[in-house]
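Have a look at the structure below, then the notes.
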Amino acid sequence: MSLHTLPLAAIGVEKQEFRNAMSRLGAAVNIITTDGPGGRAGFTASAVCSVTDSPPTLLVCLNRSASVHPVFSENQTLCVNTLAAGHESLSRLFGGKTPMAERFIAAEWTTLVTGSPILAGAVASFDCKVTQVVSVGTHDILFCEAQALVCNDDTHGLIYFDRGYHHLMRQEAS
Ligand SMILES: NC(=O)c1ccc[n+]([C@@H]2O[C@H](COP(=O)([O-])OP(=O)(O)OC[C@H]3O[C@@H](n4cnc5c(N)ncnc54)[C@H](O)[C@@H]3O)[C@@H](O)[C@H]2O)c1
Ligand SMILES: Cc1cc2c(cc1C)N(C[C@H](O)[C@H](O)[C@H](O)COP(=O)(O)O)c1[nH]c(=O)[nH]c(=O)c1N2
């Protein structure tokens, strides 16, 4: 087996080095919404993935210092709205610092089972109850069991990669 010199190798990992490396992992962009006794809130998240299909469960990582954190903690329900091509400005709007009412005015919303806002035109929406929360470092990992789904076959996908947005074209139906 031959040994190669690793490009840009780092032993011991600083926060910024970690972020730089993580920026190379392309990910879907989602707007996570909630509505309930704690109020209505939403934020942009790329730290979202499938956990198990039985019961149908996703996870969402939420920074405990985010302004929306107390609202999600109280409501215990949320919707994962996976963004479509063209939703870049909506992603930026829900990405921090904008007052909550201004975020929601920019799009059309419905509700399904939990009452969490469902984004019209999302690639997919997972209406969920939060079943478990695990804290790791700065974030809470929210385990979310889907109660209802919406899928949209008419839109192309959106990926966040290298700190920028990229469209993913759906294959033509054969
Ligand atoms: N998981 C997250 O909390 C997360 C993910 C993406 C972006 N963001 C936030 O969005 C803003 C813009 O991000 P960017 O991607 O353009 O540049 P960036 O350099 O802040 O982040 C690069 C990558 O590092 C990871 N990351 C960033 N902040 C993190 C955190 N606090 N905890 C865990 N992972 C994190 C993400 O994968 C991100 O795509 C920043 O404020 C960032 O903190 C947060
Ligand atoms: C593309 C992209 C992806 C993410 C984010 C931002 C952007 C632009 N943010 C940050 C998050 O959206 C932001 O902190 C929230 O809106 C909370 O901000 P306020 O505290 O309400 O200003 C974010 N935050 C988080 O807790 N988990 C995540 O997975 C992500 N992912």
- Item | Dipole of the chain [Lys/Arg +1, Asp/Glu -1 at C-beta], most positive-end residue of Phe143, Gln16, Ser116 | Gln16
- Item | Cβ-defined net charge surrounding Asn75, 14 Å radius [Lys, Arg +1; Asp, Glu -1] | -2
- Dipole size in debye (nearest 20) for the chain around its Cα centre, Lys and Arg Cβ +1, Asp and Glu Cβ -1? 480
- Förster radius 22 Å - calculated FRET efficiency between Met100 and Asn63 (Cβ-Cβ, nearest 0.05): 0.85
- Work out the FRET efficiency for Asn20 and Val113 from their Cβ-Cβ distance, taking R0 = 41 Å, and round it to the nearest 0.05. 0.55
- Message: As a footprinting exposure proxy, order Phe126, Phe161, Phe143, Phe104 by other Cβ within 10 Å, with the fewest listed first.
- Response: Phe161, Phe143, Phe104, Phe126
- Item | Disulfide-incompatible cysteines by the Cβ rule (no partner under 4.7 Å) in the chain | Cys49, Cys61, Cys79, Cys151
- Exposed loop GluC sites (Glu not before Pro) only (DSSP loop, at most 11 other Cβ atoms within 10 Å): please give the longest stretch of the chain free of them, not including the sites. 15-107
- Using a Gaussian network model of the chain with C-alpha springs under 10 Å, which one of Ser23, Ser54, Ser46 is most mobile by mean-square fluctuation? Ser54
- Message: Which of Leu58, Leu168 has the fewest other C-beta atoms within 10 Å, and how do the rest follow up to the most?
- Response: Leu168, Leu58
- Note on the structure: Per-residue Cβ contact counts at 10 Å, fewest first, order Ile11, Ile118, Ile159 as Ile11, Ile159, Ile118
- Roughly how big is the range 63-123's charge dipole about its Cα centre, with Cβ charges of +1 (Lys, Arg) and -1 (Asp, Glu), in debye to the nearest 20? 180
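Taking only C-alpha pairs under 8 Å that are 6+ residues apart, what is the relative contact order of the range 32-152 in percent?
The value is 30 percent.
Values quoted throughout were computed directly from the atomic coordinates according to the rules given, and no laboratory measurement underlies them. Only a predicted model underlies this, so the values are computations on that prediction, with no experimental measurement involved. Because the Cβ atoms are built from the backbone with ideal geometry, glycine has one as well, and the counts that use them run over all protein chains shown.
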